[in-house]
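What follows is a single structure, written as structure tokens, with notes after it.
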Amino acid sequence: MVSCFTTIHRYCRRLLTLAVLFSLVACSEKDETVPPLEPQVLEEVVKTETVTLQEIVDYLYGDFNMSAEQQAELEQNLAPLRLIACNMTAHTVRYRTTAPDGSPVTASGVVYYPKRSTPRGVLEVMPINKGKKNCVSHNPLTIEAIVGCMGYICIIPDLIGCGASDDLPISYMQHENSAVVAADLRRAAAELIRNTYGRQLPSTSYIGGYSLGASIAWALARHYALHPELGVTVEELWCGGGAYDPSVAIEAFMTTRYSQYPILPNIIYSMNFYDHLGLDFTKVFRGDLLEHYQEWCTGDVSIVELASLLGYNLETYLQMDFFSPENPDYRWLMEVVKSKAIPNDWKPQAQVHLVHSREDTYVPRACSDQLYAYLKSIGVDAEYTMMEEDHVAGGILWGQIILQELGRRVLLP
């Protein structure tokens, strides 16, 4: 974690300048009150509570097990943000959407509304992988909400398999469905905000996500582009450390036979469930994983816990004979995995910011390299930041980049 603080420090002077300028920006006039409507997507508001930047930071300290020295350094680097931060009202909601198999399902998420006169815009932030026990509807003090403290409406969904739908396995790499689930939460947020605050939700969004959330963010931007009837325009898109084509990540793991973040068993288990693959897991898993996969691979056990149980060497918990290119069952599985890649059948109109760590041991950088090469080949306005930090520290830098870019857009509309 220490390396990320050094990186953040490079941005402090620019953030401080932005913070001072933000304090001089007058709030825009209030929207005209709009009449309430009968909710079509929103089922219920489960709870409403105030969330502060300090509460999120305090939770972050414990979640990352940061030392007193690290906390002091981060506090110094957060000083510019505190000058512009506002408290938020966190509405934990349940809403109607669709499961990966097309059936109706109740999902959950959190809509953060700033305690200031007028929101600065809408941020849709896709979640990192926290497992069932620490999803956003269970714990609104999530690191992704920090960017909302700048005065934005911040919308964060749970994955299917978390929160209201935690009777199901977590739906890993079901990108098209995850995009639908996220878009439906935006619709539910629009109903909530209209009926609670008398405001119309803006039709533009900033979208971001890191790690697992990055590929969902990319899929969501595509979903809005292909469905203009939804009336959502994406202004900017920030994706960091994501597996946009999961087959690229799996092939890289099979080459090194090493993964510091052993999510592959969960992905295989999830695909087996949602895509009805009928895998014989005695041919796929081995050792303790084979004995406990029905408990360990649903999301009830976090990937961090799983790493302590399995280790980092794939050969200790996977049947490597199954994962041979000569095995027809493995080739068939990889065809399914490749079908989960987010299709390159659209051209983003928003500016795209990609971030990845050079030596990422969680998600191979080849995933972002491939996407960036494609975007440049079709003339998309994209920038690619290659970090020296590890995957975890890179997530904090990703957040810093969003803060800077949003500040620039507010100051230079």
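Taken together, the values in this text are just the output of simple stated rules run on the coordinates, not laboratory data. Predicted model only: the values in this text are computed from it and were never measured. Heads up, the Cβs are rebuilt from the backbone with ideal geometry, glycines too, and the neighbour counts pull from every protein chain shown.
With K and R counted +1 and D and E -1, the other residues having a Cβ less than 15 Å from that of Val337 yield a net charge of -3. So which of Lys132/Lys338; Lys115/Lys347; Lys283/Lys347; Lys133/Lys376; Lys115/Lys340; Lys47/Lys340 end up more than 29 Å apart by C-alpha? Over 29 Å Cα-Cα: Lys115/Lys347; Lys283/Lys347; Lys133/Lys376; Lys115/Lys340; Lys47/Lys340. Using the Kirkwood radius built from alpha carbon pairs, what does the Stokes-Einstein equation give as D for the chain at 4 °C and 1.567 mPa s, in µm² per second? Translational D for this selection: 59 µm²/s. Going by the alpha-carbon gyration tensor, a ≥ b ≥ c the square roots of its eigenvalues, is segment 65-170 rounded (a/c under 1.5) or, if a/c is not under 1.5, prolate (a/b greater than b/c) versus oblate? Oblate shape, in that a/c is at least 1.5 and b/c is the bigger or equal ratio.
Rounded, prolate or oblate: which fits segment 164-232 when a ≥ b ≥ c are the square roots of the eigenvalues of the alpha-carbon gyration tensor, with rounded for a/c under 1.5 and prolate only if a/b beats b/c? In terms of gyration-tensor shape, oblate. Look at where the Cα atoms of segment 124-152 and of segment 158-217 average out, and the two centres are 11 Å apart. Per residue, the chain reaches -13500 deg cm²/dmol at 222 nm when only DSSP H runs of four or more residues are counted, each adding -39500 (n - 2.57). Given axes a ≥ b ≥ c from the Cα gyration tensor, I'd like to know whether segment 330-413 is rounded (a/c under 1.5), prolate (a/b larger than b/c) or oblate. It is oblate, given that a/c is not under 1.5 and a/b is not larger than b/c.
What is the percent of Cα-Cα separations in segment 242-311 that go past 18 Å? Here the tail beyond 18 Å accounts for 39 percent of pairs. Taking the Cα centre of segment 255-413 as reference, the dipole from Cβ charges on Lys and Arg (+1) and Asp and Glu (-1) amounts to some 600 debye.
Close amide H pairs (under 5 Å, H built 1.01 Å from N) link Ala243 with Ser215, residues at least 5 positions away or on another chain.
Which listed residue (Gly287, Ile263, Thr298) has the Cα farthest towards the positive end of the charge dipole for segment 246-338, taking +1 on Lys and Arg C-beta and -1 on Asp and Glu C-beta about the Cα centre? In segment 246-338, that residue is Ile263. A simple charge model with +1 on the Cβ of Lys and Arg, -1 on the Cβ of Asp and Glu and nothing else charged puts the dipole of the chain at about 1220 debye relative to its Cα centre.
Charge tally around Leu309: other residues with Cβ under 15 Å, Lys/Arg +1 each, Asp/Glu -1 each, net -4. Counted by Cβ distance under 11 Å from Cys367, the other residues give a net charge of -3, where Lys and Arg count +1 and Asp and Glu count -1.
Of all DSSP beta bridges confined to the chain, the antiparallel ones make up roughly 50%.
Can you list which of the DSSP-assigned H helices in the chain have a Cα extent of 24 Å or more along the long axis and an average Kyte-Doolittle score of at least -1.0? Within the chain the helices that satisfy the rule are 2-24, 68-84, 175-197, 391-411.
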